[in-house]
Structures are given as structure tokens and as C-alpha cells.
Amino acid sequence: MTKTLFTSESVCAGHPDKIADAISDAILDELLKLDPNSRCGIETVVGADHVSIFGEVTTRANINYEKITRNKIKLLGYTEPRWGFSYNSTFTNYIHQQSREISKGVDKDGAGDQGMMFGYACNETKELMPLPITLAHEITKRIDECREKKIIDWLRPDGKAQVTVGYENEIPKTIERIVVAIAHKENIDYKIIRKEVKNKILKYVLDKYNYKLPIDKHIIINGTGEWYIPGPYTDAGLTGRKIVVDGYGGYARIGGGAFSGKDPSKVDRSGAYAARYIAKNIVANKYADKCEIGVAYAIGIKDPLMVSIDTYGTNKISEDKINIYAKNLIDLSVKGIIDKLNLRQPIYSETSSYGHFGNESLPWEQIEKN
């Protein structure tokens, strides 16, 4: 019997990098709502008492960038100027028109950039995602829920979770370690913090997935003992810096580009979604226990330069049949992906926290039953 460990991390919606992702995707959604053919690449930077947006946009829409940004920061819970960052922090806008060189290729339905993207699925969870990243996301989501609904009234809007899963012969068996970092109000006894996090967050999540908590010494909550100041004053944030969190938690390969703030003509985003769509459908239809799809594109070119399928020897039907199935499932040209998955709609704010994969409401997560 081969025993291994694997660890994945997630972060709360109020983590600085996720604030940046959320602002970038909120701007994208507003542009697509008013002009579905909008093209943009938005980069947001958040730091001590300051937020700046950068990037390029081509659109017929007229939007209030500052209002969208401040509303998103407020929604994420940053309402206290004493934390060194809030919706009242200084705002600057450096967005400009998309370059003609990029626009020329996209106008002809070509890819908005070059690069490689990967999609993955496995049968470890009902979401057809690896267990470590699934549990990490569920914990951060529960932390945010406990703050927003005041289930735990001393939480502040920032946090992280890390989960280590024990595997036997590549099958997840145990939860070996959990690490949680959460911002909280002053003057809260650490024993109370530990007790409420264990009972109202960790046990709540693990019970849903029928796993037991690890032994007490393998649960680390706020390793330094306290954390009062959440967000960008403590650590600056940038769009796209949590790409491993956004993907598969390091369990599968990731492409070279981030997702948030990019319209679907940019294959960093749409190509990764299409690859996940194929991989998930192969596993959902029990053609394989796990599957990774790889694609690669060149700027201005419509069709992928590479399509690869790896089922790691777990396929239940021939590789030829799997290749035919994948080819018939979706046209991997840029336009084919956008049309099949209906990507010119304002759905991207849903992806800016807790990963881009595993949320059944999103079009690339839909299962086509045979």
C-alpha cells in the first residue's frame, strides 16, 4: 500500500489578492452587462489605503469604474478606515484603450493571446474536484458565511485555510492536518477562537463530506496567536496572484495566465474553462476516473495549436473513443468556446472567490449526459 499526503490552500473573499480579483471581475461583468462584446484585461492593485485599476478596454459601455470599485470593497466588509484600507481609500484609474495589434487578431475571432491552459477532473468529490482544494474552499467559504451572517461575531474580512489529505493508493482516506488563519476583533480569548473555529467551521465542513477532524495538535489556528488588522494594509493584493487557488490547488497542472478581469476572447480564461468542461464530462460519464485536458493557442489564431488528453491509465473506454467524444463535445476554436459555453454574459464575479471550478451554476461545470 502506497501512502501519500497532499496539501492545498484557499483564501477568503476578503484576502487582498481576492479583493483585487473581485474588483477586476466586477468591472468585467458591468461591461458585459451593457455591451456583451466588450473586451478587457483589468488589473487591480490594493495596498495601504489605496486602490488602483490598470489595463485595457474596448467597449461601447460607459461605466463608473470608481463606483464599482468602492461598492465591491464595501460589500467585502472593508468598512473601517482604522484598518488602513476601506471603501473610502484613495482610488486611481489608469485604464486605456486596447492596443490595435491585439484588437486586430481578436476582431477576426482569433485568440487574444498565446499560451497553454489545462483542465482537470477526478472522482474524489461530488464536484469532481480534488479533495484537498475542495475542502480548503469550503472552509474559507464557511469562514466568510460565519462573518456575514454573524454566526461568529468577532470575525473580520480576511483569512486562509490549508488542508492536508492522506491518500492510500491514490484514494483519499483521512484529513491529516488543517491550518486556518483568520482576522478577528481585539480582546477575544484564543481559547474561544479555537473552540468556535473548530466547531462552527471545521467540523461543519468535514461533516458534510463525511470526514473526521484530525487530532487536535494537527489543527493550527492563527499560528502567531493573534491577527487584528485584515486586508491590504497588512499585505498588498494584485489581480491573478492566486492562480493555484483559482485552479486545482496544485493537484493538477495550470496554464501560464490568470483568469480574473479578462473577457472570454482571452484564452487564458476561456481555454481553461473549456478544458475543464471536457475533463469533467469525461469523468462524469465514467469514461475515466480522472482526466487532464491541455490546450494551447497563438494570438490571432482561431483554433488551438495543441489538444492533449491524459486519463492516467484510468480510462474505461478506448483512448480513441475518448478523443472522438471530446472533439464532438465542444468546438475548441475561440468563437466555438464562447458560443458553446455562453461566455459573453456577466457571470464572472461568481468566480473571483473559492475557485473557478466546482460551482455547478457555471456553464463550464455543466454535465452532458450520454
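The values are calculated or read from the model by the stated rules, or taken from the named source; none is laboratory data. Because the structure is a prediction, the values reported are computed rather than measured. Every residue, glycine among them, receives a Cβ derived from its backbone with ideal geometry; neighbour counts consider all protein chains shown.
Some observations on this one:
- For the range 1-22, the count of residues that are at positive phi and either within 21 Å of the chain's Cα centre (by Cα) or part of a helix (DSSP H, G or I) (or both) is zero.
- Filtered residue count, the range 43-57, keeping only those that are closer than 24 Å to G249 by Cα and in contact with a Lys or Arg (Cβ under 8 Å, 6 or more places away or on another chain): 0
- Condition check for I278: of a type in the set (A, V, I, L, M) and modelled with pLDDT under 95: no
- A count restricted to the range 319-342 and to residues that are farther than 21 Å from D113 by Cβ and charged (D, E, K, R) stands at 4.
- Unmet criterion (only one of (1) of a type outside the set (A, V, I, L, M); (2) part of a loop (DSSP other than H, G, I, E, B); (3) without any contact (Cβ under 8 Å) to a residue 24 or more places away in the chain; (4) closer than 25 Å to K18 by Cα) for F357: (3)
- Restricting the range 25-38 to residues that are touching a Lys or Arg at 6+ places or on another chain (Cβ under 8 Å) and touching a residue at least 40 places away in the same chain (Cβ under 8 Å), the residue that is nearest to G84 (Cα to Cα) is A26.
- Residue match in the range 190-205 (condition: free of Cβ contacts under 8 Å to residues at least 12 places away in the same chain, out of contact with any Phe, Trp or Tyr (no Cβ under 8 Å at 6 or more places or on another chain) and either under 30 Å from I293 (Cβ atoms) or among the acidic types (D, E) (or both)): no
- The range 228-257, residues that are at pLDDT below 95 and of a type in the set (A, V, I, L, M): I254
- Annotation: Q345 fulfils all but one of (1) surrounded by 19 or more Cβ atoms within 10 Å (Cβ to Cβ); (2) under 25 Å from I68 (Cβ atoms); the unmet one is (1).
- Scanning the range 212-240 for residues that are within 23 Å of P132 (Cβ to Cβ) and surrounded by 18 or more Cβ atoms within 10 Å (Cβ to Cβ) yields a total of 4.
- Restricting the range 23-44 to residues that are β-branched (V, I, T) and assigned to a strand (DSSP E or B), the residue that is nearest to A236 (Cα to Cα) is T44.
- Any strands (runs of 3 or more DSSP E) falling wholly within the range 45-153 and containing at least 2 residues that are surrounded by fewer than 18 Cβ atoms within 10 Å (Cβ to Cβ) and either at pLDDT 95 or above or not assigned by TED's automatic domain parsing to the domain that holds S349 (or both): 50-58, 90-97
- Put simply, of S265, S270, S260 the only residue that is surrounded by 20 or more Cβ atoms within 10 Å (Cβ to Cβ) and under 19 Å from S353 (Cβ atoms) is S260.
- Subset of the range 180-237 [of a type in the set (D, E) and closer than 21 Å to E138 by Cα]: E196, D207, D216
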